[in-house]
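See structure below.
The values are calculated or read from the model by the stated rules, or taken from the named source; none is laboratory data. Remember, predicted model here, so these are calculated numbers, not experimental data. Cβ coordinates were reconstructed from backbone atoms using ideal geometry, including for glycine residues, and neighbour counts include every protein chain displayed. Areas reflect the complete protein model, heavy atoms only, side chains present, ligands, DNA and RNA absent. Shrake-Rupley method; radii C 1.70, N 1.55, O 1.52, S 1.80 Å.
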Amino acid sequence: MVKIGDVAIEKTAALAPMASVADRAYRTICKEYGASYVVGEMVSVKGLCFSPNKALELITVTEKERPMAVQLFGSEPEYFEKALPKVLKFNPDIIDINMGCPVPKVTKSNSGCMLMKNPKLAEQIVKIVVKNSSVPVTVKIRKGWDDDSVNAVEFAKRMQSCGISALTIHGRTKADMYNNKADWNIISKVKQSLEIPVIANGDVVSPETAKDMYEVTGADLIMIGRGSYGRPWLFKQISDYLKTGRYEQEPTVAERMEVMKKHVLLICEDNGEQVGMKKARAHIIRYLYGIRDAAKYREKCSRLTCYLELLKLIDEILKNYI
Ligand SMILES: Cc1cc2nc3c(=O)[nH]c(=O)nc-3n(C[C@H](O)[C@H](O)[C@H](O)COP(=O)(O)O)c2cc1C
């Protein structure tokens, strides 16, 4: 177990925050298949103050998702302070502050990874959130802005001294975006420099890479984003492998289709069938990765409009395996 403040989390694998991907349905299915902790999609503190309905939808926490963090982004300490009571009403287990987002729309407004270039502002934000939060506060960072300004160790120490309860680090710079390999050595250096728990993130895609990441970084927990696309059972495989050295190989195509159906139903529950099926298409395509004639089915997926059509498509896929 790792403890973030008073929140105990199994030391297996957590689900990373992923805007527009890891929504409530995604988090719920990953939790069901073994994720030990999940983080919500980033939500703007300014958005929470000015257009609450859309933003509030992003901070709801259901019992099945716990322990769960709500992730906030922004650049003005006063908006963090104003938004906090609204967030706390939903009883998140943890509040995470995004200091790693590389998307220009976010960094242009001095939020996300831009805060790593402005540690004083980052400190002001963290201090105000820690002071006003009744739950543990964490920060998620990258390695630095670019290769000429790698400041993760020094920045992480400053965040720790502002009272955060844990820190997540993605081993890439802002300039890397999602290219190049994540640098696990910098994560190891951050781990060695902090007393609070460190969560390691970047490029875990299998039980073996999960174990390697624990060994290389010495991290207290690891976090997975893209590696879980279309395969939420990865979390259980990792948990089994860490505990016993063994894990069940990939599920059969029929088993995969069952998990996919569950996932799509959760999406439709949250969004209604019409909008839900549109949102589900990208996820469905990921569940079909590597199956026989995948290209043909992918094309059909992009036209799915209702759940019944999905069931027919699954029948067709399974017949292909008889
Ligand atoms: C589609 C997408 C959306 C993301 N959204 C967020 C986000 O809202 N907040 C955040 O801190 N990181 C976000 N990330 C970064 C991931 O949390 C993670 O740090 C990154 O994908 C590296 O981990 P991985 O190699 O396991 O995917 C996002 C990544 C992707 C691919």
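If a residue has to be near the ligand (Cβ under 10 Å from one of its atoms) and either touching a strand residue (DSSP E or B) at 6+ places or on another chain (Cβ under 7 Å) or at pLDDT below 95 (or both) to count, how many in the range 201-212 make the cut?
So in the range 201-212, the residues near the ligand (Cβ under 10 Å from one of its atoms) come out as 201-205, 209.
Checking the rest, the ones that are also either touching a strand residue (DSSP E or B) at 6+ places or on another chain (Cβ under 7 Å) or at pLDDT below 95 (or both) come to 201-202, 204.
Looking only at that region, the number is 3.
Just the residues that are within 15 Å of the ligand (Cβ to nearest atom) and in contact with a Phe, Trp or Tyr (Cβ under 9 Å, 6 or more places away or on another chain), please, taken from the range 21-35.
VAL21, CYS30, ALA35
Sort out which residues of the range 62-78 are open to solvent by 20 Å² or more (accessible area, probe 1.4 Å) and within 24 Å of VAL264 (Cβ to Cβ), and write them in order of number.
Matches in the range 62-78: THR62, GLU63, LYS64, ARG66.
Within 18 Å of the chain's Cα centre (by Cα) and free of Cβ contacts under 8 Å to residues at least 60 places away in the same chain, is that true of ARG158?
Answer is no for this residue.
Give the number of residues within the range 86-112 that are free of Cβ contacts under 8 Å to residues at least 12 places away in the same chain and either farther than 28 Å from TRP145 by Cα or among the aromatic types (Phe, Trp, Tyr) (or both). Spell out how you get there, then give the answer.
Filtering the range 86-112 down to residues free of Cβ contacts under 8 Å to residues at least 12 places away in the same chain leaves 89, 103-105, 108.
Subset that is either farther than 28 Å from TRP145 by Cα or among the aromatic types (Phe, Trp, Tyr) (or both): 89.
Adding up the residues that qualify gives 1.
What is the residue count in the range 179-202 for residues that are buried (at least 23 other Cβ atoms within 10 Å of the Cβ) and on the phi > 0 side of the Ramachandran plot?
Matching residues across the range 179-202 total 1.
Can you name every residue in the range 37-48 that is more than 13 Å from the ligand (Cβ to nearest atom) and open to solvent by 30 Å² or more (accessible area, probe 1.4 Å)?
If the condition is that a residue be more than 13 Å from the ligand (Cβ to nearest atom) and open to solvent by 30 Å² or more (accessible area, probe 1.4 Å), then LYS46 is the only one that fits.
What residue, of ILE164, ILE169, is within 11 Å of the ligand (Cβ to nearest atom) and either modelled with pLDDT under 95 or under 19 Å from GLN71 (Cβ atoms) (or both)?
One residue alone meets the criteria, ILE169.
Across the range 212-247, what is the number of residues that are farther than 19 Å from GLU32 by Cβ and more than 16 Å from the chain's Cα centre (by Cα)?
12
Any residue at all in the range 93-111 that's open to solvent by 10 Å² or more (accessible area, probe 1.4 Å), within 18 Å of the chain's Cα centre (by Cα) and of a type in the set (Asp, Glu)?
Yes, because at least one residue in the range 93-111 is open to solvent by 10 Å² or more (accessible area, probe 1.4 Å), within 18 Å of the chain's Cα centre (by Cα) and of a type in the set (Asp, Glu).
(1) away from the ligand (no atom under 14 Å from the Cβ); (2) under 18 Å from VAL45 (Cα atoms); (3) out of contact with any Ser or Thr (no Cβ under 9 Å at 6 or more places or on another chain); (4) modelled with pLDDT of 95 or more: which one isn't true of PRO119, the others all being true?
For PRO119, the failing item is (2).
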